[in-house]
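Rule-based calculations on the coordinates, nothing more; no lab input. Small disclaimer: the values here were computed from a predicted structure and weren't measured. Backbone-built Cβ (ideal geometry, glycine too); neighbour counts: all protein chains shown.
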Amino acid sequence: MKAEAGTTTFKPGVKTKTMGYDGSYLGPTIRVRRGQTVHTKVVNQLNQRTSLHWHGALVPGKADGGPFEPIAAGKTKQTTFKVDQQAATLWYHPHAMGTASQVYHGLAGFMLVDDQNSQKLNLPKKYGVDDFSVGRSADRTFSKAGQFDYQADYNADGTEGNTLLVNGTLNPYINVTTNQVRLRLLNGSNARTYHFTLNHGATIRQIATDGGFLNQPVKMNQIDLAPGQRAEVVVNTANATSKNVALRTNGQRVLQLRLHSKRTGSRTLPVKLNHLTPTKQLNQFGLKHQTISFSGMGRMVRINGRVYNPDRIDLTAKPHTNQIWNLTNNDSMMGGMDHPFHIHGAQFRILSVNGKRPSAAESGLMDVVNLKPGKKVRVLMSFHDRGIFVYHCHNLEHEENGMMGQIQVVP
Ligand code: C2O
Ligand code: CU
């Protein structure tokens, strides 16, 4: 894939300067199967350094594309990894310094993992017909000249735009021809949290979190996604009361679903989707505990009181082992900020949220969890391959201001 600069027409007659992979904006959806070996070759045709990180992928540190794997302008980087995780909706984006501005300009794409289970389950899976990646929801601001102006929009506490783009489209819609459609939602914003809802009698069932399927579909009224987070949902329009249904967030329309009058296909979902160990049966005995506390705002953000230092290893773990991490947001409820925690090279299960068991929809595999001010989340972290991995706040401006640490996974 080539990381390149170009122009994209979002508004009629206006060319906006953007960045993309193999195109001027965003990147292709890559599909891989569990067990496959994937060779990647990234050509950096930008005039600045970049990297390509596989967000949510359980790959060795060397293939992770994090901050230690930068690709200088004009250079190429190749990696190889084996797909060794369950079916899931993952994504990719740059992760060198300058990530926030590059993501803002359009460098991001999906990587979908399939496995035997996902191929066998009776779920909507015709890509672009009843299975859509709707995720690259992102908020941007257009200047008077129709350009993205990251510098003008910049906020040290998270850059938010006033215009919502989905997959690079203003006012997007899909034609719905089946009773059920699957939406793979990704919050691709730098800092904004989304609260997705549907109207006019369409129902939402969540079927997957960041790292794979839930054990069973969970009926939801609202899906909250912090930056970097994904959720797969199935929307059922069999009993919709209008010709058009809207997926909405924060009072704005994200996506219009235009319903075909004769919709076909199944109206029910499989009852069993996965075989995850129930939260209360997860083994916590004899595991190492770590406390990770987030604090501060703007340029004064810290993890465990420290600012990111690439020359410092903050934590260690052994490959294919579990640890218990106590994640806390030490900001006060009064005016503090959300810090969406994310880790590379690992997935985790939530054991408790402020001392209480997680809800059914919070019980899946995750690589992002939002920490609201004063929140305490205890997770069972499962490490996979060896290497050095970062964990950080996925508010991209906080990340760049140093709200990041690193863990070495080594036998
Ligand atoms: Cu979405 Cu450290 O990344
Ligand atoms: Cu933060």
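Quick notes on this structure:
- Given R0 = 35 Å, the distance between the Cβ atoms of LEU282 and HIS200 translates into a calculated FRET efficiency of 0.35.
- Cα gyration tensor shape of the chain, rounded if a/c is under 1.5, else prolate or oblate by comparing a/b with b/c: rounded
- Counting 0.36 nm for each residue step from ARG31 to LEU121 and taking away their Cα separation leaves a gain of 30.7 nm.
- Considering only the chain, percent of DSSP beta bridges that pair antiparallel, nearest 5: 75 percent
- Cross-link partners for LYS262 among the lysines, with Cα-Cα distance under 19 Å and sequence neighbours closer than 8 places in the same chain left out: LYS126, LYS243.
- The trypsin sites (Lys or Arg not before Pro) of the stretch 279-376 meeting both criteria, a DSSP state outside H, G, I, E and B (loop) and at most 11 other C-beta atoms within 10 angstrom of the site's C-beta, are ARG312.
- In summary, the aspartates and glutamates within cross-link reach of LYS125, defined as a Cα separation below 17 angstrom excluding same-chain residues under 8 places away, comprise ASP114, ASP115, GLU232.
- The chymotrypsin sites (Phe, Trp or Tyr not before Pro) found in the stretch 84-163 that occupy coil by DSSP, while having at most 16 further C-beta atoms within 10 Å, are TYR154.
- Cα shape, the stretch 333-375, gyration tensor, a/c 1.5 rule: oblate
- The relative contact order of the chain comes to 15 percent, based on Cα pairs under 8 Å that sit 6 or more residues apart.
- Legend: calculated FRET efficiency, SER266 to LYS356, from the Cβ-Cβ distance at R0 = 35 Å, rounded to 0.05, equals 0.50.
- Applied to the stretch 176-184, the Karplus parametrisation 6.51 cos²θ - 1.76 cosθ + 1.60 on θ = phi - 60° returns per-residue 3J(HN,Hα) values of 9, 10, 10, 4, 10, 10, 9, 10, 9 Hz, with x for Gly and Pro.
- A crude spin-label estimate for the pair ALA73 and GLN151, with each label 7 Å from Cα along the Cβ direction, gives 1.5 nm.
- Rounded if a/c under 1.5, otherwise prolate or oblate - the stretch 301-372, Cα gyration tensor axes: oblate
- Whole-angstrom gap from the stretch 1-37 to the stretch 62-99, using each part's C-alpha centre: 16 Å
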